[in-house]
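Read-outs throughout are calculated quantities, based only on the coordinates presented, and are distinct from any laboratory measurement. On a predicted model such as this, the values are computed, not experimentally measured, just so you know. Neighbour counts are summed over all protein chains in view; Cβ atoms, including those assigned to glycine, are modelled from backbone coordinates with ideal geometry.
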Amino acid sequence: MATPLSHLAVPLALAVALGPDTVPPALLALSMLCAVLPDVDALGLWLGIPYAHPFGHRGFTHSLPFATALAGAGAWLAPALGADPLTAFGVLLASAASHGLIDAMTNGGLG
């Protein structure tokens, strides 16, 4: 089963592969947040949102549109993070989008 630690593998691997000049610490921190943020939808279970609902767990927040929106917001913040906007977009998109892919490889829940 995927864990928050397994979701951090992608941003950490990208940071190591690309180096600190390309992925400064602030961008790495944001990419790690983007990698685990899709699980915020688990709070919906406590609010009575059914698991299989589009906004239930592993619903919208695990989608490519959500990952793209996170990456776009992060790219807008890139200058403050000390990163190139296009690089930030790519790193954040890969980090956020990988969440759904990693979850899809588990046997827990609905997929």
statement: Taking Val91, Val23, Val36, Val16 and counting other beta carbon atoms within 10 angstrom, the fewest-first order is Val16, Val36, Val23, Val91
- request: Determine the gain in length on full extension of the stretch Leu33-Thr68; use 0.36 nm per residue of separation and subtract their C-alpha separation, reporting nm with one decimal.
  value: 11.2 nm
statement: Kirkwood-based Rg/Rh on the Cα set of the range 4-104 evaluates to 1.02
- prompt: How large is ³J(HN,Hα) for each residue in the range 73-89, as worked out from phi by the Karplus curve 6.51 cos²θ - 1.76 cosθ + 1.60 (θ = phi - 60°), to whole Hz, x for Gly and Pro?
  reply: 5, x, 5, 5, 8, 3, x, 6, 8, x, 10, 6, x, 5, 5, 4, 4
query: Tell me, what is the FRET efficiency for Trp46 and Ala9 to the nearest 0.05, using R0 = 25 angstrom and their Cβ-Cβ distance as r?
result: 0.35
message: Between Ala104 and Thr22, what is the label-point separation in nm under the 7 Å Cα-to-beta-carbon projection?
response: 2.4
